[in-house]
Amino acid sequence: MKETLQLETSPLNNSKKTSTWTIENSENLYYIKGWGEPYFSINAAGHITVSPQGDLGVSLDLYELVQSLKKRNISFPLLIRFSDILADRLARLNASFDRAIARYNYPNKYQGVYPIKCNQHRHIVETIVNYSKSYQFGLEAGSKPELMIALATLDPSLIAPNYAPIIICNGYKDPAYIKTAILATQLGYKPIIVIEQLEELFLTLEISKQLGIEPSLGVRAKLSTKGSGRWGNSTGDRAKFGLTIPEILTVVEYLKSEENLHYLQLLHFHIGSQIASISVIKDAIREASQIYIQLAKVNPNMQYLDVGGGLGVDYDGSKTNFYASKNYNMQNYANDIVAEVKESCEAANIEAPILISESGRAIAAHHSVLIFDVLNTNDVCTTPPEFIAENDNLIIRNLWQTYESIDVKNYQETYHDAIQFKEEAISLFNFGYLSLAERAKAEQLYWACCQKILEITRHQDYVPDDLEDLEKTMASIYYINLSVFQSAPDSWAIDQLFPIMPIHRLDEEPTQRAILADLTCDSDGKIDQFIDLRDVKSVLELHRLKTLESGHHETQSKGKKIKNETKMAEPYYLGMFLVGAYQEIMGNLHNLFGDINVIHISMSTKGYEIEHLVKGDTIKEVLSYVQYDAEALLESMRQRTEKALQDHRLTLEESQQLLQDYEENLNHYTYLVSDQEKSKS
Ligand SMILES: *Cc1c(COP(=O)(O)O)cnc(C)c1O
């Protein structure tokens, strides 16, 4: 039958390049068009290419880039940032609103702000500020430190005359925050202090009176529109931030009584990040438009409607309202906001406001790619024992028979037989009836059965429920040179999905099914959920590592083959994509794996240019974060080796070697560095 034939030529038994696999197969397998367009694609060489300027402009081969960075002694893991992608995202966001404004004849303009909390790194905020001059883009601060970044980075004198760059001041505010914000007005900014708690209003008015400077105020409304997904509780009456409608009225009454109602200029709301469904956004805009209209009726100085963040990123490429995706694009988002506000204001005969959005994720996510290497793999051994003897234990013979009999008709039944026999074998062992070698044989046979069954299920349209986990159980473990806690914290903390795929060998069939295990000694330090068009995949298709023949030698020992260490012939690089938003700052030092190396790339007419290299933490730096002093550590090591030397437990050479290595290590990267790399540096 056809099925048995497929079994014999199964890709898993054959690591050689299969000629039928094409890069189109890889495109479909990893959905790169869904989440990667227009920035990431696959070239004829089977490498990922990056087109930082989108459809226009040049592209570069990511694998070649990685090779050339490696020649410059830059170690992995490595975060590559493409400044041109940031610029392109900004341009797209502004163009989307411009198109919507033209299409609906919206009688006012769009002026976005970048929420600094999304990625605060200096080069990023500077790049955004630099590219956004032509759009009158501003910044949003959610804390005092972020306000300080905003003030130092945005230069009012460099931006168009008669335009004061907007700084939206969100978050908890103490007197110092408010004072700095108000004084900044005199530097040529337009700071808008968003009242999120009533006390902030009284504080702001008091400080402004002392300074004799009028503040621009906003109110953050708690909408009743239910957010959705992970951040769904950013809205509603019990949300952490914002004012309820009665509280907003109190603000209005109080300002009016002080004859300061004209201070109030902006209405803000934020219904959470990564909003997957456009209908949630529409509902929120509708409600907010009505609140805006009511405020504008009593206060003609209302000018801005700030729709917050939430514009989603399609991490899995499925274009659905799944939490890792979104069922709308940037243009739909802009259209719906512009159309809804226009319609509501027109009907109420209210002047349409300047529209502000605080899109962070949608601007920053695409520009960073995390590159890391695979250190090693661990596969379930699925080769059956070479022979089964007549006098082997009955349980072993039963397992062997089961193995032999597996076919497309009985695979579900034989699976349960195999499980039962394996469990029996373990009981027998526990009672002393089976030797260690016999138990090994039984386990080997059990895994061989599972493998055979798995290969059958892969060719079935329908997999019975009880066999669904088989793929996961049989998955190879790929050990990666990375800490999930440091570099992809959302994947660990909130099960966020990021697209992950090899950046080369994409013209070869990926024959392995794997989960990824990171460097930390934490069983949570793994990735076992991957993007999928329909749902979530529990294993990722990857290539078998290329190992050196010489390191592959097998030792003959009492007729058994023992595989020796395998040396890698060629590193295997994976990329984790769309990691530019939120990941870096939320990362932590679990097991003291520190910040990773970061490189900023910009495109030039000649190709690409390395704008900045930001070196990751050394061991010494990471140790200092937990209050260890490198000198003191070295000193105690010196004393300890001296003592061992005197007691003749170490030779002079050994003691020197130990101290020298210890000292050198202090200045090394916290991640694994191969010997070759070490000797070069
Ligand atoms: C986090 C946050 C944002 C950014 O949200 P994104 O979904 O990343 O665009 C905007 N505004 C406020 C108030 C926020 O807290």
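Read the figures in this text as sums done on the coordinates, not as results from a lab. Model, not experiment: these values are computed from the prediction. Cβ coordinates were reconstructed from backbone atoms using ideal geometry, including for glycine residues, and neighbour counts include every protein chain displayed.
Assorted remarks:
- Of Ser523, Ser41, the sequence from fewest to most neighbouring Cβ atoms within 10 angstrom is Ser523, Ser41.
- Legend: helices of the chain (whole DSSP H runs) are marked when their alpha-carbon atoms reach 15 angstrom or more along the helix axis and their mean Kyte-Doolittle hydropathy is at least 0.0; marked are 198-211, 245-257, 278-298.
- Using the Cβ of Leu516 as centre and a radius below 9 Å, the other residues enclosed give a net charge of -1, where K and R count +1 and D and E count -1.
- Rg and Dmax of region 567-681, Cα atoms only, in Å: 19.2, 66
- Debye equation applied to the C-alpha atoms of region 291-426, log10 I(q)/I(0) at 0.14, 0.17, 0.21 Å⁻¹: -0.84, -1.00, -1.21
- Scanning residues 5 or more positions from Arg513 or on other chains, those with amide H under 5 Å from its amide H are Ser476, Leu542, with H placed 1.01 Å from N in the peptide plane.
- Straight Cα distances below 17 angstrom link Lys342 to the aspartates and glutamates Asp98, Asp283, Glu287, Asp306, Glu351, with same-chain residues fewer than 8 positions distant left out.
- Bins of 10 Å from zero: percent of alpha-carbon pairs in region 40-143: 12, 33, 31, 18, 5, 1
- Cα point-scatterer Debye curve for region 84-219, base-10 log of I(q)/I(0) at q = 0.09, 0.14, 0.18 Å⁻¹: -0.28, -0.66, -1.01
- Loop-located trypsin sites (Lys or Arg not before Pro) in region 60-152 (DSSP state other than H, G, I, E, B) with a sparse environment of at most 15 neighbouring Cβ atoms within 10 Å: Arg72, Lys109.
- Sum of -39500 (n - 2.57) over DSSP H runs of 4+, divided by residues of the chain (222 nm, nearest 500): -12000 deg cm²/dmol
- By other beta-carbon atoms within 10 Å, ranking Leu428, Leu295 with the fewest at the front produces Leu428, Leu295.
- Semi-axes of the equivalent ellipsoid for region 285-328, computed as √(5λ) from the eigenvalues of its C-alpha gyration tensor and ordered from largest down, come to 34, 9, 5 Å.
- 17 Å Cα-Cα reach of Lys643 towards aspartates and glutamates, excluding residues that sit fewer than 8 places from it in its own chain: Glu635, Glu653, Glu654
- Over all directions, the projected convex hull of the C-alpha atoms in region 106-366 averages 13.0 nm² in area.
- In this structure, the residue pairs whose Cα-Cα separation is over 22 Å, taken from Lys282/Lys326; Lys117/Lys144; Lys173/Lys240; Lys144/Lys190; Lys144/Lys297, are Lys144/Lys297.
- Extent along principal axes [Cα atoms of the chain; Å; largest to smallest]: 100, 73, 56
- Ascending count of other beta-carbon atoms within 10 Å, so fewest first, for Ile596, Ile500: Ile500, Ile596
- Sum of side-chain charges, Phe431 neighbourhood, beta-carbon under 15 Å (Lys, Arg +1; Asp, Glu -1): -2
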